[in-house]
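Working notes, beginning with the structure itself.
The values are calculated or read from the model by the stated rules, or taken from the named source; none is laboratory data. Treat the numbers as computed from the prediction; the structure is a model and nothing was measured. In this analysis, Cβ positions are derived from the backbone assuming ideal geometry, glycine residues included, and neighbour counts consider all displayed protein chains. Protein only, heavy atoms only, side chains kept; ligands, DNA and RNA dropped before computing areas. Shrake-Rupley method; radii C 1.70, N 1.55, O 1.52, S 1.80 Å.
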Amino acid sequence: MAQILPYQLQELLDTMGREGYQAATLSLERSLLRRLFNYARQSWNWPEPVRNPATSLKLPSVQNARDRVLTTRNGSGSAGHCRTAVIPMSLLCWRCCWRPPCAFPSRMLHARWGDIDWVRCLLKLRDAKAGARDVPLNPGAIRVLQMLRGRGSPMTRG
């Protein structure tokens, strides 16, 4: 292990990429190699290599952004529960999922009133997994948001 150089590991990952391995797999492989070299240095007190050869490798970017849409099959069981829910946010989340266009609403629970563009019917997500983006709000979601806003919901803090 002490004789392994970064270019050799880069060659390994490049070869794996040419053989059809996806970017996420290459990233996991590099992560395992980094952990192996760190473990050898910390637990076994190996003095070599001085610098972890798996640290500065160039990898393709992982494209793992997702938009999740609730289907009729998935959502039909939720409808009754949400209509009778004590927590208005569950109704809002259900409304956002149920009618297209929609996106998975888990980030909506962190939203503030300032994140809503009422004119364009958009929710501005600041910390979504794929980065900041705007999520279209359907008419049902807008109605529930207006209802919550009228009640002085906790979203009024921001």
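For segment 26-62, residues that are surrounded by 13 or more Cβ atoms within 10 Å (Cβ to Cβ) and of a type in the set (Val, Ile, Thr) total 2. Checked against (1) at pLDDT below 90; (2) open to solvent by 40 Å² or more (accessible area, probe 1.4 Å), LEU12 passes all but a single condition, namely (1). Being more than 14 Å from SER56 (Cα to Cα) and small (Gly, Ala, Ser) is the filter here; which residues of segment 1-35 pass it? Listed by number, the residues that qualify are ALA2, GLY17, GLY20, ALA23, ALA24.
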